[in-house]
Structure formats: C-alpha cells, structure tokens
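Inspection log for the structure reproduced underneath, given as structure tokens.
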Amino acid sequence: MDKNYFIEKLEQRQVDPQESKGFWDNRAKEFYSFSKKSRKDSTIEFLKGFMDLKDKRVLDVGFGAGRYLKLLADEGAKVSGVELSSEMMEYAKKYCMENGIDVEQMELYNIPWEEVDLDRLNWRNKFDLVFASMSPVLDSYESIKKLIDASKQGIFCSTHIVMDEDILSKVYEDINGKEYSSKKESFWYLFNILYLDGYYPNVRIEGGESQLELSIGELLNRYVNRVFSDTPSEKDLIRLKESIKKHEVDGKVIVNMKRKNGLIYFEK
C-alpha cells in the first residue's frame, strides 16, 4: 500500500487554522452546553484499558470547551492543552472552574497546534499521553507526527466514521440538490498511515443515537462548513438560514443524530 495515497486523501479535508478560527469561535457556546451534560464517557474507559491516568502527564490537543480537560483531571492526570479558538479557551476555563478544577495548575495555550514549538516549550517526548479527540489536527500528517513527537508513551485519537443528522441531510439536499454523505473516510486513512509508519493501533468502533435541541443561529454555525465547500456568500447564508427555519418549532430545531466513532490508541 502507498502511504502517500492515504496522506493525500486524509489532507483533502485540511483547512487553514486561521480561516477556521471564526467557525470554532462561533460554536464555542454550543460545545460548552454539550460538555455540561452529564453522561457516561467511553473514551476514558477505553484509555484506562491501556494506562492508569493518575499522575500521568497528558496533553489535550484541540481541547474545545474543556470536556476532556475535566474528565482527564477527574482521573488524576496532570493536564496541559492547546486550543486554536479563544472563545473555546474561555468556555473551557469556565467549565473547569465550575467543576472545581484549578485551571492555573494547567498549561493551557491559545495557539494553533501547527504553531507550537515543542522544543521551546520543552514538550518533545514529555507526555505520557497525547490526546486528540475529534480534532482538526488529525487532518494533517505533519500535525499527527507532532502529536507523536510530544509523547513519550501513548497517543490517543478519535474521529467520526458515520455522522448522520436528519436536519443536516434535509438542509444539504435542499441547498445542493443531492444527498449528504454521512460516511467519513478519514478514520481509515489515519489507521493505514499509522500502520504503514510502523505502529500497531488498538481500535474501538462505537456508535449511538442522541437528540439535540438547537436554535437557528446555532445550526447555522454548525452546518455552514458542511453545506458549502467554499466560503459562502451572504446570499448563501440567507438560503441556509431559510432552509433551517423550515424545521423550527417554537424557536428551536430538534436534531436526531446517529453517530459511529473510531477510537485509536497506540504507543511509540
């Protein structure tokens, strides 16, 4: 198998970090609300099958609104993190503090992973676990190699395999005149790249169904990059908003989701 083939396929989804910053800023409140919902998390249980997280140094790359900063800290890990979005950073701090976690004890950096200098921060081969859950950094081979370089032992990453939302499917077809593909191939590209680089990834595939209740504005921010392949015009955004509005009831839209995710853990 040709590794370059999988790298090329993986990086088709790659976007410039600065261009995507506004997208993640706009979704920060939504991620914060999601983090606050108490529910069992299988990711931590998956990781505990490979290491005891207590007192381990863990780096969370693309920590979003802080969901895993908290869950990792709850296990006794010494957590550091990197996040592109300044809004996500603020919500992550708020979420951790609301849960009694002292963020001053964490090394949290508001910077794109691509700009992190491992040597300047003394992060090369430093962490027992480098963690990247559903993070855009997994769309870049160079960024993945940097994840590995920062770890002295384990690396965890996860991404979607199937991401089906009933409202997204309807809106996408309404705007583009064709069906939305809910299958995501990046997990398989990532797995093959790691294997061809000489690693032996441990994998878990898991799925589930859930429901969200979101405003039109939240769905507009959620769907804009999925519906339009290029930067949308003002006219495009109006069309998207009107399409979403068709499904509004009492100011909210109910979204039914079916997800299948792939979890990977491997060691250097």
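The values are calculated or read from the model by the stated rules, or taken from the named source; none is laboratory data. Just so it is clear, the structure is predicted and the values come from calculations on it, not from any experiment. Every residue, glycine as well, gets a Cβ built from its backbone with ideal geometry; the counts of neighbours run over all protein chains shown.
A few comments on the model shown:
Here is a yes/no grid of residues against (1) under 23 Å from ASP16 (Cα atoms); (2) aromatic (Phe, Trp, Tyr); (3) at pLDDT below 95; (4) crowded, with 22+ Cβ neighbours inside 10 Å:
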| position | (1), (2), (3), (4) |
| --- | --- |
| SER33 | no, no, yes, no |
| SER42 | no, no, yes, no |
| ASP55 | no, no, no, no |
| GLU83 | yes, no, no, yes |
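- Number of the condition not met by ASN225 [criteria: (1) closer than 22 Å to TYR141 by Cα; (2) in contact with a helix residue (DSSP H, G or I) (Cβ under 7 Å, 6 or more places away or on another chain); (3) in a loop (DSSP other than H, G, I, E, B)]: (3)
- Flag for ALA132 being hydrophobic (A, V, I, L, M, F, W, C), in contact with a Cys (Cβ under 7 Å, 6 or more places away or on another chain) and buried (at least 18 other Cβ atoms within 10 Å of the Cβ): yes
- Contact map, the stretch 1-13: first residue in a helix (DSSP H, G or I), second residue hydrophobic (A, V, I, L, M, F, W, C), Cβ cut-off under 7 Å, separation 6 or more or different chains; pairs are LYS3/ILE193; LYS3/LEU196; PHE6/ILE193; ILE7/ILE193; LEU10/LEU190; LEU10/ILE193.
- Looking across ASP149, ASP164, one residue alone is in a strand (DSSP E or B) and either among the polar types (S, T, N, Q) or on the phi < 0 side of the Ramachandran plot (or both). It is ASP164.
- Qualifying residue in the stretch 141-153 (condition: surrounded by 18 or more Cβ atoms within 10 Å (Cβ to Cβ), of a type in the set (D, E, K, R) and touching a Phe, Trp or Tyr at 6+ places or on another chain (Cβ under 9 Å)): yes
- The listed residue being closer than 24 Å to LEU194 by Cα, in contact with a Ser or Thr (Cβ under 6 Å, 6 or more places away or on another chain) and touching a residue at least 24 places away in the same chain (Cβ under 8 Å), out of GLY81, GLY62: GLY62
- Some residue of the stretch 185-203 being part of a loop (DSSP other than H, G, I, E, B), within 28 Å of ALA28 (Cβ to Cβ) and in contact with a helix residue (DSSP H, G or I) (Cβ under 8 Å, 6 or more places away or on another chain): yes
- Here TYR32 fulfils each of the conditions (1) within 27 Å of TRP188 (Cα to Cα); (2) touching a residue at least 24 places away in the same chain (Cβ under 8 Å) apart from (1).
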